[in-house]
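The values are calculated or read from the model by the stated rules, or taken from the named source; none is laboratory data. For clarity, every value in this text was computed on a predicted model and none was experimentally measured. Cβ: placed from backbone, ideal geometry, glycine included. Neighbour counts: every protein chain shown.
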Amino acid sequence: MARYTDAVCRLCRREDQKLFLKGDRCYTEKCAANRRPYPPGQHGQGRSKTSEYGRQLREKQKAKRYYGILESQFRGYFELASKRKGKTGENLLSILETRLDNTIYRLGFAMSRAEARQLVLHGHFMVNGRKVNIPSFLVKPGMIISLRDRSRNLEKIKSVIEANASRTPPRWLEYDPNASIAKVSTMPIREDIDFPIEEQLIVELYSK
């Protein structure tokens, strides 16, 4: 399974924006984006003009890195989004939001999407009563997501849940924290995604 394995703090610096790829570290003074707020590399602090294509490319890269997806899979999601009714850009973000690893992160079971991906791979969650260990699994309205019984007493998971107790799940998820069960009530819409992504630039890039 392909995934990015290099230093993730470089990604935030390259996009000139926090992508929250290292969980709680991103909220501390140790965050590299705070200590070195310029792109990595020897020319990182130099001035450069960005073309229209450059803006489109950066927006796509930012979305890919935010959700932890590589190019071929991201393009596949774009093709899927273009076949659905409605605006392609909004469809794309909706699909990315409904990945199981992102859903687990949104529910507060993990401090980052990378950590959520790992939890899913290790089989800690069930969908509609069946174990699912595929991070890219797309949840749909009506599906029930639950933490497996054997996983509820793991100290690592318990501590993360307690740390995220104040986090409010998005409107498209109905969550019962006492039972560690959530239901997908509807598909996420653009207003449910608070991360600043100009999805139309991504559509323009892939439409060339």
The condition from (1) surrounded by 14 or more Cβ atoms within 10 Å (Cβ to Cβ); (2) modelled with pLDDT of 65 or more; (3) assigned to a loop (DSSP other than H, G, I, E, B); (4) among the polar types (S, T, N, Q) that residue 61 misses is numbered (3)
Where residue 135 falls short, out of the listed (1) within 26 Å of residue 77 (Cβ to Cβ); (2) in a loop (DSSP other than H, G, I, E, B); (3) out of contact with any Lys or Arg (no Cβ under 6 Å at 6 or more places or on another chain) = (3)
Pairs, first outside the structural domain of residue 112 (by TED's automatic domain parsing) in region 62-77, second of a type in the set (Val, Ile, Thr) and assigned to a helix (DSSP H, G or I), C-beta under 7 Å, six or more apart | 63/202; 77/95
One residue from 157, 134 being of a type outside the set (D, E, K, R), touching a strand residue (DSSP E or B) at 6+ places or on another chain (Cβ under 8 Å) and outside the structural domain of residue 53 (by TED's automatic domain parsing) = 157
Taking the options 134, 145, name whichever one is touching a residue at least 40 places away in the same chain (Cβ under 8 Å) and over 14 Å from the mean Cα position of the chain (by Cα).
-> 145
Restricting the search to region 66-115, which residues are acidic (Asp, Glu) and within 19 Å of residue 171 (Cβ to Cβ)?
-> 90, 97
Across region 138-152, the tally of residues that are in contact with a helix residue (DSSP H, G or I) (Cβ under 7 Å, 6 or more places away or on another chain) and either outside the structural domain of residue 179 (by TED's automatic domain parsing) or in a loop (DSSP other than H, G, I, E, B) (or both) stands at 1
When only residues in region 187-208 that are in a loop (DSSP other than H, G, I, E, B) and surrounded by 13 or more Cβ atoms within 10 Å (Cβ to Cβ) count, which is modelled with the lowest pLDDT?
-> 195
